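Input: a single structure, listed below in structure tokens.
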Amino acid sequence: MPSEFGLFVSTDIAKCSGCKACEMACFQSHNIKRNNVGKTVGTISVPVTPKLYVTVIETASMPVQCKHCENSPCKAVCQQKAISRVGSQIIVDEAKCIGCKDCLMACPFGAIALLPFYVGGRQAPQADSSGGKVAASKCDLCYEDPEGPACVRVCPNEALRLTDVNEERKKKNIAAAEALAVINAGDPGRRALS
Amino acid sequence: MLCIGCRTCMIGCVVAHEGKHIFEVDPDGYDFHPKLKVIKTFNVSVPVQCKHCEAPACMAACKSDAIHIVNGTVIIRTEKCIGCKSCAEACPFGAIQMVTLGSARNADGAPRSVANKCDLCQDQPKGPACLRVCPTAALRLVKEEDLGQTLKNKRLATLGLALGAEAQKQAAIGA
Amino acid sequence: MSMGVHEIEDAALLFVFGYNGADSHPIVARRIVRAKQKGAKIICCDPRRIETARIADMHLQLKGGTNLLLVNALANVIIEEGLCDDDFIEKHSTGFEEFKEVIKKYTPEGVAERTEISAGEIRKAARMYAQSGRSMILYGMGVCQFGQAVDVVKGLANLAIMTGNFGRPAVGIGPVRGQNNVQGACDMGALPNVYPGYQSVTVPAIREKFEKAWGVKLSDQPGITLTNVPHHVLHEPDPKKRIHAYYIMGEDPAQSDPDLAEVRESLEKCDFVILQDIYMNKTGQYADVILPATGWCEHDAVYSCCDRGFQKARKLIEPTGDVKRDWEIIGLISKAMGRPMEYTNTVQIWNEVIDLCPGFMGATDEKLEKNACIQWPCRSKEEHDMGTVFLHKDGKFAHPDGKAKFAPSEWRPPQELENEEYPLSFSTVREVGHYSVRTMSGNCRTLRNLEDEPGWIQMNPEDCGELGLRHGELVKVRSKRGYCITRCLPTERVKKGATYMTYQWWIGACNELTIGNLDPISKTPEYKYCACRVEKIEDQAWAEKHVREEYEEIRANMGIQTKGGRAA
Amino acid sequence: MTIKRIQSTCAYCGAGCQIMFTVDTEKNKILEAEPAPGRTNDGTLCLKGHYGWDYLNDPQILSKRLTKPMIRKGGKGSPLEEVEWDEAVRYTAGRLAEIKAKHGPNSIMCTGSARGSGNEANYVMQKFARVTIGTNNVDHCARI
Amino acid sequence: MTETYIAIDQNLCTGCQECTKVCPNLAIEGLPHQPQKTNPDKCVRCGQCVQKCKSYVSIAEHGAAAYARVRKERGLPDAFKEPLFAAHFFSRIDEVKKALADPDLFTVVQCAPAVRVAIAEDFGAPLGTLAAGKLAAALRRIGFDKVFDTNFAADVTIMEEGSELIDRVKKGGVLPMFTSCCPAWVRYLELNYPGQRQHLSTCKSPQQMEGALFKTYGAKLLNVPPKKLYSVSVMPCTCKQSESARPEMKDSGQRDVDVVLTTRELAWLIKDLGIDFQALPDEKYDSPLGDYTGAAEIFGVSGGVMEAALRTGYELLTGQPIPAVDVTAVRGTNGFRHADVQVGDLTLKVGVVTGLKHVKPVMEDLKAGRLDLHFVEVMTCPEGCISGGGQPKLICDTDAGEAFGNRVAATYEHDRGLPLRKSHENPSVQKLYADFLKKPLGHESHKLLHTTYCGDPKHH
């Protein structure tokens, strides 16, 4: 049964080392057809434009990526209607994006970046401006890849996990209920009536 | 141990939050989203709901400033919720459920889905409805002083046990 | 029930047999929980791990269809270990010797394998029951809805008699009756063999009394039961015994009788069917005439609750629509047939009833008006007589010799066991949030929100695994008689090879599957046991759409202006 | 708006709980159901007791309140047509009398109701079967 | 210390420490989430950290200008468009381009067996595509005067090393003998087990042998004055450059190999010169120093040197050709495997180590005298040179299994496809001995093709 709410990739911050293997895999899986990127770095002829952004501080690191919000602010503010809901996921149509940056400002997680948009090895032409086209770039959960998110597959420390919030809740509910059973058992006050 | 899994609390919760008008309006004209959920496993039947933690993981995870502690109760202001599901993921009890609202709409017309969890019937004069309607009085509101009292009772009981054991030991030595 | 509901929490031991209080009577279940809190021991015999089993001291999780084996084995242990109340047996019972003869064969070891309960557990349970001092038996549909039901009820009664658990506070045997006024319908004589107050139609003296009271010659031939109507319409060879007219008040056989295919056929073939009810239902599709009546809260009435308590139900609001009160409608039809039977209000009828029934004499309207709950027998009209809490005081029983009669019987297996083609056992169970045929609770908004079509089938996770089923998936449940579609609910509370389905649903109508095998005496169908097969539905999208369309069609048949605009 | 509080007995399961209803007699509407101190329910109610009364305002979720007598004039299978009470009574009484005459009293089966109708209705129904029809063919769903 | 070979860019490194996990000699230091540093005195320059590092110059994080700046810092051509990572090796494309442009230099190039099964990957070909012919054509298009092949010297190595082994076995020399063609392994041994240096074969690696022959035998054949001969080598390895710079690698009178390019650098050079690699025809390597047998080709995989040595050694010892050319007993990928090979009446006990983390227990056994083997091949990289530090870098490590598997398969397929599959059958090698070296382990061989690995590893 398809998930009622948007799936998203969540990070186990204890396991993530900040190695960016996810960023490289993400770039590769989205550019095999578009910029004929192969399996080796040598086949890359365009700048690496990932859709998730590893962020590192002294004590920890994690890739920040789209949560596919249900009332997504980015979709709400996009006047160009370039952001739409496909199934339960939020998808950006990079060709339609005019780079107005509203979605970047609306997203509270910083999960969207404005990155150059390359097709066939060349930056897509911008109507008249000298620089090439840029577009909003955010996680699309590899919704066209039958094997699911590439980042989850390549993470050397298995820190990334595809999360269905309803399925997780069911599991946690059972554990919480069992815990309450233990609490009730230990509480004489609950058992005997005066 | 007292819960018999009849789920009266779940309807009581909805009636307390949606109001009594739901018994007159069109059957699909209101939202039926209980803020607690009766779970039945092999060992237990019991409603699982928000524990109103002191350092709530959901509040920490919320980037939309929608979750706050209002005099001891952890409250989600759903009008600010963007449905990013971080709180639902953060809560270890699964006490937060994402629910789709019937009438509310986003700026772009899409239906709103927001985080839904127990608010201890914050605005109800008589306090939590689930507690009031439960036929076997299985639910209990644990206030700060109750917690203190429970701890005190347990410690006294522990002391009592220890004294009893000590007395027995003396008797054994004496005999 | 021989005792009062409020006494349940004072019992020393509760012997709960085939009764799921939590789902059938949450308020009675409350008493069971309070009994536990007051330190009572609980023995729960049920093939599922129901809520009572969860808090029970012993849960005898017997295999479905082996009730009498267990009951007789318990009796065997009580006799063998000399735990009988010999004084009570000697003074207040007959037939103990023949009883012992039959029971001798049912040793715990002998029945252990078939009931799937170890001999040790049976011995321990028997001892606990016999020695508790105040043991009370509660049983329900798990006992009654079997091909062998009356024998098991007698078996349980034997246990109570042989251990003297009768005629004292917080003891006895209690069938916790399901519906709000099923006790009342029996009290009022809506039974083929008795007049009001359980006065037999075959006893000439009684018949004469009623003939004098009603001024008409009465038939001395007991009538037929509801469950035999399909037989008498379709297969009855003797034309004189065939049924041609069916006046149905407040019932929905097309949903609640077993083997619905046969019921539908009988309603079609019956010449004249009258439905007198408050809501359109499945039977209404076959009724030739519909007589709309007032519903609960729209008229005054007296109900009898499960422990023989008469209580008043009052009119709260004016009825909507051109409807009349049930007894008013019947009066009109009777008058039109040349036998006027007019009453102005319920009090007038009630006074007529209590004058005819010695046992109800004292339950006057004045007493009931003061919100009293009078448990019959209540023989004197004086203020002080507020009825009888428990029956058989000082060991007095209703038999002519005032003594209880031991009634042993041999065990019979259910009629249709699991087989190659239908490998799982099937039983109907109750959904706590709904009631009977759901024309009332099914139209309540919040009860519908909590649980709605097509209901659930509870299955053991292993069986689900083998069939590749996941929680909430729509499945097809099939028996020799028919099939229905419902949702799969894997739960460890159910043993492997057994399935249990809540019966309130119209799409997930489990009575399409149930078997019409009736108990020879009570004529109650064997709802609790037949064989079924559960099939995975590959195309879930189709199944979900099918259920939605079926629901819309039902609503259209019931006369609701559905989006489709079609109304029957 | 005149508010009255009336105590009544629940019409769902056999426990016979006492319920205190708050009724707005002017608008002819039930507003709320609260537990009453009955012998069996002791000031508590289950979910059907608390919330099982709003079917009375006919929300048409599963089926529809019957509000008018109806007859299938075209015989079996034809649609039901609304009629007035006297026509319905005359038609019913006529058919019953005809069948009684043709096949005898025992060819007619009546049912009492274990649900909302109440004891008085059951008494009148069994009296109708035994007196007017002249048969003991009266039963109810105690056995199912 | 002189210039380093492997470095980690402090501004790019996120401190994920994935490189520390693969470093065979704990040569990378630093706190988690802090930039890591290589310790030149411990780094064996195997380049596995360069293969692993995924922390690239990101527009999102470092800004658009950062890429150009870092590319310039690392002396890479403007046409270079690949991502730049924190861990990197120092590129020597400029030196090669300068040499090619110098009219009075005679440029000669050699390329390793593992290069030809991987180079095509950087031009979009499937992983492990065999492109020996195109590689030769590409080197000619680049402008090298002579395109020779390290494989020739591999055959020579087998002659020398095979003879050395027989000599040690017969004359009770120091056993077991370890191979010395992997420079990172040699440096690892010098750093951690200096006392065991005598177990190393005195042979130089095929690259150094070919380099020495270029400037002596080759110079005579091409009658080009050795001084004018510029010797370039293309290797799958980031350590070969430091090997060529070892002080003792000057037996030809001057530095035997002037500069080493990795496979990736060759691909950059090809792209920089605008050569369409995929469209190139298949060409041959120049004779005689470009002729090679199947035995030479399998040097690129783990167990390859051992198999090549057995194919020839067997015949040298018994005079009979080896019954099965494919000595599968020594093939495979697990870290340490050993086998007994019956060579006439001698039971030769051989061992193969791949990945330096597997060599520690072997060395402990050796020191304790428990290592009952005659001949041990040691390769630093996970599956031999085909998985070297200079090979085309995989975007996702999850493709490593397929990449290495295909490259190994391509190597053995190339071996099976060659007419001659045993080193001593190579006619050009036979001519070399006849005209120049006279006989294996002879005076000339000792002068040019052997060394004593002297000197303190710290300063080279």
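How charged is the neighbourhood of C:VAL150? Take every other residue with its Cβ under 15 Å from the Cβ of C:VAL150, and add Lys/Arg as +1 and Asp/Glu as -1. Can you show the working numbers first?
On the way: positive: C:LYS154, C:LYS405, C:ARG412, C:LYS523, C:LYS528, D:ARG143; negative: C:ASP151, C:GLU410, C:ASP519, C:GLU526.
Counting the neighbours of C:VAL150, the net charge comes to +2.
Distance cut-off 29 Å, Cα to Cα: go down the list C:LYS38/C:LYS528; A:LYS81/B:LYS63; C:LYS36/C:LYS104; C:LYS63/C:LYS393; E:LYS72/E:LYS357 and report the pairs above it. Please list the in-between numbers first.
Values: C:LYS38/C:LYS528 33 Å; A:LYS81/B:LYS63 24 Å; C:LYS36/C:LYS104 33 Å; C:LYS63/C:LYS393 36 Å; E:LYS72/E:LYS357 36 Å.
Going by Cα-Cα distance, C:LYS38/C:LYS528; C:LYS36/C:LYS104; C:LYS63/C:LYS393; E:LYS72/E:LYS357 fall outside the 29 Å limit.
For each pair in C:LYS476/D:LYS48; E:LYS146/E:LYS228; E:LYS98/E:LYS228; C:LYS282/C:LYS335; C:LYS209/D:LYS100, compute the distance between the two Cα atoms and list the pairs where it is over 18 Å. Numbers along the way, then the final one.
On the way: C:LYS476/D:LYS48 29 Å; E:LYS146/E:LYS228 13 Å; E:LYS98/E:LYS228 14 Å; C:LYS282/C:LYS335 29 Å; C:LYS209/D:LYS100 25 Å.
From the list (C:LYS476/D:LYS48; E:LYS146/E:LYS228; E:LYS98/E:LYS228; C:LYS282/C:LYS335; C:LYS209/D:LYS100), the Cα-Cα distance tops 18 Å for C:LYS476/D:LYS48; C:LYS282/C:LYS335; C:LYS209/D:LYS100.
Given the convex hull of the Cα atoms of the protein assembly as shown, what is a quarter of its surface area in nm²?
On the way: hull surface 306.7 nm².
Its average projected convex-hull area is 76.7 nm².
Quick one: Debye curve from the C-alpha atoms of the stretch E:1-132, no solvent, what's log10 I(q)/I(0) at q = 0.09, 0.11, 0.13, 0.19 Å⁻¹?
So the normalised log intensities work out to -0.34, -0.51, -0.71, -1.26.
Where both partners of a DSSP beta bridge lie in the stretch C:424-557, what percent of those bridges are antiparallel, to the nearest 5? Show your work: numbers first, answer last.
Details: 16 of 25 bridges.
So the antiparallel bridges in the stretch C:424-557 amount to around 65 percent.
How big is the equivalent ellipsoid of the stretch E:146-459 along its three axes, where each semi-axis is √(5λ) from the Cα gyration tensor, reported in whole Å from largest to smallest? Intermediate values should be presented prior to the final figure.
Numbers: eigenvalues 150, 112, 88 Å².
In descending order the semi-axes read 27, 24, 21 Å.
Expressed as a rounded percentage, what relative contact order does chain C have, with Cα pairs under 8 Å and six or more residues apart?
Working: 1128 pairs, mean separation 86.4, N = 568.
With pairs under 8 Å counted, the relative contact order is 15 percent.
Taking the Cα centre of chain C as origin and charging only Cβ (+1 Lys, Arg; -1 Asp, Glu), how large is the dipole, in debye to the nearest 20?
On the way: 71 positive and 80 negative charges, 159 e Å.
It works out to roughly 760 debye.
What ³J(HN,Hα) values, in whole Hz, does the Karplus curve 6.51 cos²θ - 1.76 cosθ + 1.60 give for the stretch C:161-173 when θ = phi - 60°, with x put for Gly and Pro?
Calculated HN-Hα couplings, in order: 5, 5, 10, x, 8, 9, x, 9, x, 6, 9, x, 9 Hz.
Positive end of the dipole of the protein assembly as shown, charges at C-beta (+1 Lys, Arg; -1 Asp, Glu), about the Cα centre: which of C:ASN165, A:ALA21, E:GLY133 has its Cα farthest in that direction?
Of the options given, the answer is A:ALA21.
Based only on other Cβ atoms within 10 Å, what is the fewest-to-most ordering of E:ARG197, E:ARG264, D:ARG143, C:ARG548? Write down the numbers at each step before the final one.
On the way: E:ARG197 15, E:ARG264 25, D:ARG143 19, C:ARG548 12.
Going from least to most buried by this count: C:ARG548, E:ARG197, D:ARG143, E:ARG264.
How crowded by other chains is C:273-281, given as the mean number of beta carbons from other chains within 10 Å of each beta carbon? Provide the component values of the computation, followed by the final result.
On the way: counts 3, 8, 2, 8, 6, 9, 7, 7, 3.
Taking the mean over all residues of the peptide, I get 6.
The stretch D:23-125: which trypsin sites (Lys or Arg not before Pro) are DSSP loop and have at most 16 other beta-carbon atoms within 10 angstrom? Before the final figure, lay out the partial values.
Values: sites: D:LYS27, D:LYS29, D:ARG39, D:LYS48, D:LYS64, D:ARG65, D:ARG72, D:LYS73, D:LYS76, D:ARG90, D:ARG95, D:LYS100, D:LYS102, D:ARG115; in loops: D:LYS27, D:ARG39, D:LYS64, D:ARG72, D:LYS73, D:LYS76, D:ARG115.
Qualifying residues, ordered by number: D:LYS27, D:LYS73, D:LYS76.
Between beta-carbons, use under 12 Å as the cut-off and find the net charge around C:LEU260, counting Lys and Arg +1, Asp and Glu -1. It would help to have the intermediate numbers written out before the result.
On the way: positive: C:ARG264, C:LYS282, C:ARG481; negative: C:ASP252, C:ASP257, C:ASP259, C:GLU262, C:GLU265, C:GLU512.
Charge balance in the 12 Å sphere: -3.
Cα to Cα, under 19 Å, and not fewer than 8 places away if on the same chain: which aspartates and glutamates meet these conditions relative to C:LYS91?
Within reach: C:ASP394, C:ASP401.
Can you give the helix-only mean residue ellipticity at 222 nm for chain B, where every DSSP H stretch with n ≥ 4 adds -39500 (n - 2.57) and the sum goes over all residues, rounded to the nearest 500 deg cm²/dmol? Before the final figure, lay out each step's value.
Details: 5 runs with 57 residues, N = 175.
After summing the helix terms and dividing by residue count, I get -10000 deg cm²/dmol.
Among D:GLY52, D:GLN7, D:ASN28, which residue has its Cα positioned farthest towards the positive end of the charge dipole of chain D, with +1 placed on the Cβ of Lys and Arg, -1 on the Cβ of Asp and Glu, and the dipole taken about the Cα centre?
The Cα lying farthest towards the positive end belongs to D:GLY52.
So for the stretch C:424-557, what percent of the C-alpha to C-alpha distances run longer than 21 Å?
Values: 3656 of 8911 pairs.
For the stretch C:424-557, the share of Cα pairs beyond 21 Å comes to 41 percent.
Mind listing the long-range amide H neighbours of A:VAL134? Cut-off is under 5 Å, sequence gap 5 or more, other chains count too, H placed in the peptide plane at 1.01 Å from N.
A:PHE117
What percentage of all Cα-Cα pairs in the stretch C:5-176 are separated by more than 19 Å? Don't jump to the answer; show the numbers that get you there.
Numbers: 7544 of 14706 pairs.
Counting pairs separated by more than 19 Å, the tail of P(r) holds 51 percent.
Rg to Rh ratio, the stretch E:21-94, alpha-carbon atoms and Kirkwood radius? Provide the component values of the computation, followed by the final result.
Details: Rg = 13.6 Å, Rh = 13.8 Å.
Radius of gyration relative to Kirkwood radius: 0.99.
Which Rg and Dmax, in Å, describe the Cα atoms of the stretch C:333-491?
25.5, 67
Quick one: dipole size for the protein assembly as shown, taken about the Cα centre, charges +1 on Lys/Arg Cβ and -1 on Asp/Glu Cβ, in debye to the nearest 20.
Values: 189 positive and 186 negative charges, 345 e Å.
Using only the charged Cβ atoms, the result is roughly 1660 debye.
Note down the net charge around E:ASP102, summing +1 for each Lys or Arg and -1 for each Asp or Glu among other residues with Cβ under 13 Å from its Cβ. Don't jump to the answer; show the numbers that get you there.
Values: positive: E:LYS97, E:LYS98, E:LYS227, E:LYS228; negative: E:ASP94, E:GLU95, E:ASP104, E:ASP145, E:ASP258.
Charge balance near E:ASP102 sits at -1.
Taking N as the number of residues in chain C, what is its alpha-carbon radius of gyration divided by 2.2 N^0.38 Å? It would help to have the intermediate numbers written out before the result.
Numbers: Rg = 24.4 Å, N = 568, 2.2 N^0.38 = 24.5 Å.
Here the answer is 1.00, to two decimals.
If exposed means no more than 11 neighbouring beta carbons inside 10 Å and the site is in a DSSP loop, what's the longest run of chain A without any exposed trypsin sites (Lys or Arg not before Pro)? Show your work: numbers first, answer last.
Details: sites that count: A:LYS33, A:LYS81.
Here the longest segment lacking exposed loop sites spans A:82-194.
With 10 angstrom as the radius, rank E:VAL147, B:VAL46 by how many other C-beta atoms surround their C-beta, starting from the fewest.
On the way: E:VAL147 23, B:VAL46 27.
The most exposed by this proxy come first: E:VAL147, B:VAL46.
Kindly work out what percent of the DSSP beta bridges joining two residues of chain C are antiparallel, to the nearest 5. Before the final figure, lay out the partial values.
Working: 25 of 64 bridges.
Here the share of antiparallel DSSP bridges comes out near 40 percent.
Do the sum for chain C: with -39,500 (n - 2.57) for every DSSP H run of n ≥ 4, divided by all residues, what is the mean residue ellipticity at 222 nm, to the nearest 500 deg cm²/dmol? Working shown, then result.
Details: 21 runs with 182 residues, N = 568.
Result for chain C: -9000 deg cm²/dmol, rounded to the nearest 500.
For a footprinting-style exposure proxy, rank E:ILE275, C:ILE173, E:ILE158 by other Cβ within 10 Å, fewest first.
Details: E:ILE275 15, C:ILE173 25, E:ILE158 30.
Ascending number of Cβ neighbours within 10 Å: E:ILE275, C:ILE173, E:ILE158.
Chain A: D in µm²/s via Stokes-Einstein (Kirkwood Rh, Cα pairs, 4 °C, 1.567 mPa s)?
In µm²/s, the coefficient is 68.
Loop-only trypsin sites (Lys or Arg not before Pro) in the stretch C:122-222, please: DSSP not H, G, I, E or B, and at most 14 other Cβ atoms within 10 Å.
On the way: sites: C:ARG123, C:LYS124, C:ARG127, C:ARG134, C:LYS154, C:ARG177, C:ARG207, C:LYS209, C:LYS212, C:LYS217; in loops: C:ARG134, C:ARG177, C:LYS217.
Loop-located and lightly packed - C:LYS217.
Residue by residue through the stretch C:58-71, which ³J(HN,Hα) values in whole Hz follow from phi under the Karplus form 6.51 cos²θ - 1.76 cosθ + 1.60 (θ = phi - 60°), with glycine and proline marked x?
My calculation for the stretch C:58-71 gives 9, 10, 8, 7, 7, 6, x, x, 10, 4, 5, 4, 5, 4 Hz in order.
Using a 10 Å cut-off on Cβ to Cβ distances, tally the other chain neighbours for every residue of C:425-434 and report the average as a whole number. Don't skip to the answer; put the middle values down first.
On the way: counts 0, 0, 0, 0, 0, 1, 0, 9, 10, 4.
Partner-chain Cβ atoms within 10 Å, mean over residues of C:425-434: 2.
Karplus couplings for the stretch B:57-73 from phi (6.51 cos²θ - 1.76 cosθ + 1.60, θ = phi - 60°), rounded to Hz, Gly and Pro as x?
Result, ordered by residue: 5, 5, 4, 5, 7, 7, 9, 9, 6, 9, 10, 9, 8, 10, 5, x, 10 Hz.
Of the cross-linked pairs C:LYS217/C:LYS241; A:LYS51/B:LYS37; A:LYS138/B:LYS51; C:LYS269/C:LYS523; E:LYS204/E:LYS422, which ones have a Cα-Cα span greater than 29 Å in the structure shown?
The answer is A:LYS51/B:LYS37; A:LYS138/B:LYS51.
With a cap of 12 neighbouring Cβ atoms within 10 Å, and only residues DSSP puts in a loop, list the chymotrypsin sites (Phe, Trp or Tyr not before Pro) found in the stretch B:27-98.
Details: sites: B:TYR30, B:PHE32, B:PHE42, B:PHE93; in loops: B:TYR30, B:PHE32, B:PHE42, B:PHE93.
Here the chymotrypsin sites (Phe, Trp or Tyr not before Pro) that fit, given the DSSP loop and packing criteria, are B:PHE42.
Read the figures in this text as sums done on the coordinates, not as results from a lab. A quick note: this is a predicted structure, and the numbers were derived from the prediction, not measured. Cβ atoms come from the backbone with ideal geometry, glycine included; neighbour counts cover every protein chain shown.
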